[in-house]
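Note sheet for the following structure.
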Amino acid sequence: MSAQLIDGKATAARVLAEVAADVAVLKAKGIEPALAVVLVGNDPASQVYVRNKVLRAGEVGIRSLEYRLSADASAEAVLEVVAALNADASVNGILVQLPLPVHIDETRVLQAIDPAKDVDGFHSENVGGLSQGRPVLTPCTPAGCMRLLRDTLGDLSGKHAVVVGRSNIVGKPMAALLLAANCSVTVLHSRSVKPEKLCGQADIVVAAVGRPRMIGADWIKPGAVVIDVGINRIDEDGRSRLVGDVDFDAVREVASAITPVPGGVGPMTIALLMQNTVTAARQQHGLTAQE
Ligand code: NDP
């Protein structure tokens, strides 16, 4: 059996088309959604991520603003930018690109963002709301995984989902979203005993570990749906390439559906960021999802 490929690129394109239509509706009401992106330092990967976010925003009609601070900027300087953006009613979403330079306390900066403009969903107000099942701005990568799962499986109710990884940005919010979708959820981490046995019981596996091809075919129940969040750069056969946390070639022979890396979860993250920006703009103007 060879698994169905879950095409994140195609799904992300659909999400972006939906967002562009929503932006057009808002613009007809005189509202221009705006996303501010704050980049501190010169990390090359962060620069690429920021460039892609700004490009994607432009494509769907979202106005973007970029704030670049030098690598030695003080925490106070970053907090000043965040405070100004919080106070600017024309800005609907604020994203501080992570990681921040080590001398800046990330939590302090993320907590300074107005929760209503927190399009990354990392503020404790939004994290708490998510665990209570309230409608909040949700972290983009797990929200993208949910869209892929719903498009693949439809109703997730009653499924046993295993999330491998418990980070604040992927694993924990992913588990909360699966629980809210009425899955029975198991979360595995570096201290889990016999993780392959627990994972092998899952109907849905979401891998967010950061270890190349750690999850082999022996971890997967035949017919399971596998979402691979991992992005790992490795050198193989004399060239550099990206691989996931799942051993794709082996697992695709066991699973019923699987995301590739690249082209799976990656493109969804940025699409969901655009969706969150539109949601934030709507909420700030007192509009519902239908308006
Ligand atoms: P973190 O390093 O923050 O978390 C990794 C998690 O994996 C931890 O909870 C850790 O457990 C767990 N873990 C480590 N080793 C094992 C093991 N042997 N068995 C079981 N669990 C283990 O990573 P992130 O969550 O930030 O990212 C995970 C991956 O997803 C990375 O490859 C990252 O690049 C990618 N990523 C992709 C995104 C996308 O858009 N596609 C977005 C964000 C991340 P413990 O808590 O015990 O240490």
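Values quoted throughout were computed directly from the atomic coordinates according to the rules given, and no laboratory measurement underlies them. Computed from a predicted model, the values in this text were never measured in an experiment. So basically every Cβ, Gly included, is an ideal-geometry build from the backbone, and we count neighbours across all protein chains shown.
Step by step: first the residues of the range 41-74, then only those that are in a helix (DSSP H, G or I) and of a type in the set (Val, Ile, Thr), then the one that is surrounded by the most Cβ atoms within 10 Å (Cβ to Cβ). Which residue is that? Checked the range 41-74; the qualifying residue surrounded by the most Cβ atoms within 10 Å (Cβ to Cβ) is Val60. Filtering the range 27-38 to residues that are surrounded by fewer than 21 Cβ atoms within 10 Å (Cβ to Cβ) and either in a helix (DSSP H, G or I) or not aliphatic (A, V, I, L, M) (or both) leaves Lys27, Ala28, Lys29, Gly30, Glu32.
Of all residues in the range 212-227, those satisfying the criterion of being surrounded by 15 or more Cβ atoms within 10 Å (Cβ to Cβ) and part of a loop (DSSP other than H, G, I, E, B) are Pro212, Arg213, Met214, Ile220, Lys221, Ala224. Of all residues in the range 249-269 being among the polar types (S, T, N, Q) and part of a loop (DSSP other than H, G, I, E, B), which is surrounded by the fewest Cβ atoms within 10 Å (Cβ to Cβ)? Restricting to residues being among the polar types (S, T, N, Q) and part of a loop (DSSP other than H, G, I, E, B), the top hit is Ser256. The number of residues in the range 143-167 that are farther than 20 Å from Pro212 by Cα and either among the polar types (S, T, N, Q) or touching a helix residue (DSSP H, G or I) at 6+ places or on another chain (Cβ under 9 Å) (or both) comes to 12. Whether any residue in the range 270-287 is touching a Gly at 6+ places or on another chain (Cβ under 7 Å) and in a loop (DSSP other than H, G, I, E, B) is what I want to check. No, the range 270-287 contains no residue that is touching a Gly at 6+ places or on another chain (Cβ under 7 Å) and in a loop (DSSP other than H, G, I, E, B). Within the range 24-48, being of a type in the set (Val, Ile, Thr) and more than 29 Å from Glu80 (Cα to Cα) holds for one residue alone: Val25.
Residues that are more than 20 Å from Pro142 (Cα to Cα) and out of contact with any helix residue (DSSP H, G or I) (no Cβ under 9 Å at 6 or more places or on another chain) do not occur anywhere in the range 204-212.
Against the list (1) within 16 Å of the ligand (Cβ to nearest atom); (2) more than 15 Å from the chain's Cα centre (by Cα), the condition Pro262 fails is (2). Annotation note: Cβ proximity below 6 Å between a residue of the range 234-248 that is surrounded by 14 or more Cβ atoms within 10 Å (Cβ to Cβ) and a residue that is part of a strand (DSSP E or B) and among the polar types (S, T, N, Q) (sequence gap 6+ or interchain) occurs for Val243/Asn232. Candidates are the residues of the range 194-210 that are in a loop (DSSP other than H, G, I, E, B) and crowded, with 16+ Cβ neighbours inside 10 Å; the one that is farthest from the ligand (Cβ to nearest atom) is Asp203.
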